[in-house]
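Accompanying notes for the structure given below.
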Amino acid sequence: MGAQETDSGRAAGSSVNGAPGSGTSGDTGPEGTLRARRAPETGKGERLADWADGRLGLYALAKANMRKVFPDHWSFMLGEICLYSFIVLILTGVYLTLFFEPSGVEVVYHGSYGPLNGIVMTRAYESTLDISFDVRGGLLIRQIHHWAALVFLAGMLVHMMRVFFTGAFRKPREVNWLFGWTLLMLGLITGLTGYSLPDDLLSGTGVRFADGAILSVPVVGTYLSFFLFGGEFPGHDIIPRFFPIHVLLLPGIMLGLVAAHLILVFYHKHTQYPGPGKDQKSVVGMPLLPVYTAKAGGFFFLVFGVLAIMGAVATINPVWAFGPYRPDLVTTGAQPDWYLGFSEGLIRVMPGWEINAFGHTLQLGVFIPFALFPLIMAAIAVYPFVEAWVTGDKREHHVLDRPRNVPTRTALGVAWLTLYAVLLVGGGNDLWATHFHLSINAITWFVRVAVFAGPALAYVLTKRICLGLQRADRDKVLHGRESGTIKMLPHGEYIEVHEPLTPAQRFTLTQHEQAPPYELGPLVDANGVTRRAGPGRRLRARLARALYGPGTRIPKPTAEEYRALTSGDDHHH
Ligand code: HEM
């Protein structure tokens, strides 16, 4: 290989351009003689880089992307928490897979945990006890794995709500919203299959719950249950079946989706919060290398470190305390992990309705909540498309909304979170009863009412708070910030001095659009001819008025209003 080809960046660039060796190896001297020039010594690293570049085109890739700009905001860290806890889950999961045996075969325990000595259990449960007591570092890794799962799902929920409240899901990011949403769904199922694996009494109770939900499906429920469990519940097949789903299938799909999700974040570029210099066309932030990479790398270790501390000091899922699963037993205070608590809540607050007809039983008390959950989740998945349809907005949005400026969306998000929280309370009604010495019936009735009243109340309150905040923004722009300094005027009156905002602050508070909502327009034109408006358009206009009509916004101050107020001398209050 000629020295000029390894002439650092330049030669590397030429090979990328498809013209290897186009760099000169010598100069033509004044008399036309060829004068050789000594190629600079190249180090091993450079040669290796050149070798890799010739095959992978890394130079062009790096050149194009190393200076890529990343906007900075603390809330962008939430997606990173998902990413890093997912990596921790994979790392710790691989370790556990080395020792866990997904087997429903029954054995008699003679391991190092004395209290369970001589007890009949499945090999799956026995191997989980072995991991906890006999495998070096096993308990720590098990605990980190479980904590990472809880943080991963919490991270996804909070990250999703950040995206929701700021409108980051709008065009062109709707597909990425769907990728993320699918990750959340798969995350829930991966969690469920994971905590079913140890086959302790708690995990078996969870699987029993899932079986009950499946059995409630009309007509095919029993068939589905037999199909899943390979016969009558619990059988011996469920753990060997859950295992590859939990360690291979779902993580594999999720890994692919995470990659696709991040590629789309990279491709669309990140959204940014409103402020001076931020517009739909430019991105303001730090370069990928070195700033963003250093921060992200450091943050990975921080997340890993925190998870390791949690795993080291906080007991989670002490399976040895529950004992092995037996279908005729149930633990008191049996609770699923937090992210599935709402499903438990749905079932516990539902009256036990049941219809018996033609020799069949329809378990509505289980089936209705079971069917409600996918419907609620589907509504979240399609929200970006519904909002785009209602607003008729076909433009790209790279600058985020301040949640207060879109009160209806914000209120819908808070209502949904309230429903989630109420159902969590319902799911833990026994724990609330025992911890706070309350009647379980009173809690159940409270939750039955709160399931409807809570979200409605949260919706109304949030909307009012948003409107109040919009009003406060308007006042701040026009009259300045309350400084807390009280001044006495010569005639004895006390006033609070208001400090004017900086132009940058005024820009941030007034940059949002207040476009009129979609209207049907006159149904009779100037010539008296009636225009037809189908039910779809009528619905859309009605939704648009409800969601983005006059009652949802406080008119932002105009430049004229501002000038009129600030041109006089008395602009202190
Ligand atoms: C495995 C789970 C997930 C991982 C690893 C992940 C990772 C990330 C990261 C690192 C970002 C850029 C930083 C940020 O905006 O926070 C991001 C952006 C985004 N994520 Fe996720 N995410 C996950 C789940 C979700 C979920 C559940 C949703 C919504 C349903 C979602 C929707 C989005 C959207 C729309 C963006 C673009 C936001 C913007 O540009 O402002 N993601 N994600």
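The values are calculated or read from the model by the stated rules, or taken from the named source; none is laboratory data. Quick caveat, the model's predicted, so the values are computed rather than measured. In this analysis, Cβ positions are derived from the backbone assuming ideal geometry, glycine residues included, and neighbour counts consider all displayed protein chains.
Brief remarks on what is shown
- Meeting the requirement of 2 or more residues that are away from the ligand (no atom under 16 Å from the Cβ) and modelled with pLDDT under 85, the strands (runs of 3 or more DSSP E) wholly within segment 1-119 are 26-28, 34-36.
- Under the condition of being in a loop (DSSP other than H, G, I, E, B) and under 19 Å from Ser85 (Cβ atoms), the residues counted in segment 278-314 number 1.
- When Gly79 is tested against the conditions (1) buried (at least 18 other Cβ atoms within 10 Å of the Cβ); (2) among the small types (Gly, Ala, Ser); (3) over 25 Å from Ala260 (Cβ atoms), the lone failure is (3).
- 2 or more residues surrounded by 15 or more Cβ atoms within 10 Å (Cβ to Cβ) and touching a Phe, Trp or Tyr at 6+ places or on another chain (Cβ under 6 Å): qualifying helices (runs of 4 or more DSSP H) within segment 193-258: 201-215
- Among the residues making up segment 325-351, those that are more than 23 Å from Thr434 (Cα to Cα) and either surrounded by fewer than 19 Cβ atoms within 10 Å (Cβ to Cβ) or of a type in the set (D, E, K, R) (or both) are Arg326, Pro327, Asp328.
- In this entry, Ile141 passes the filter for residues that are buried (at least 21 other Cβ atoms within 10 Å of the Cβ), more than 10 Å from the ligand (Cβ to nearest atom) and either of a type in the set (A, V, I, L, M, F, W, C) or closer than 30 Å to Val414 by Cβ (or both).
- Of residues in segment 134-189 being outside any helix (DSSP H, G or I) and among the aliphatic types (A, V, I, L, M), the one farthest from Ser112 (Cα to Cα): Ala168
- Test result for Trp320, modelled with pLDDT of 90 or more, of a type in the set (Phe, Trp, Tyr) and closer than 17 Å to Gly138 by Cα: yes
- All told, Gly187 falls short of being more than 18 Å from Pro336 (Cβ to Cβ) and either without any contact (Cβ under 8 Å) to a residue 24 or more places away in the chain or within 9 Å of the ligand (Cβ to nearest atom) (or both).
- In segment 261-274, residue farthest from the chain's Cα centre (by Cα) [restricted to those that are more than 9 Å from the ligand (Cβ to nearest atom) and surrounded by 15 or more Cβ atoms within 10 Å (Cβ to Cβ)]: Pro274
- Out of Glu519, Glu560, one residue alone is under 30 Å from Val460 (Cβ atoms) and of a type in the set (D, E, K, R). It is Glu519.
- Residues in segment 154-184 that are more than 8 Å from the ligand (Cβ to nearest atom) and of a type in the set (Gly, Ala, Ser): Ala154, Gly167.
- Test: Val151 is surrounded by 19 or more Cβ atoms within 10 Å (Cβ to Cβ), within 16 Å of the ligand (Cβ to nearest atom) and under 23 Å from Ile189 (Cα atoms): yes
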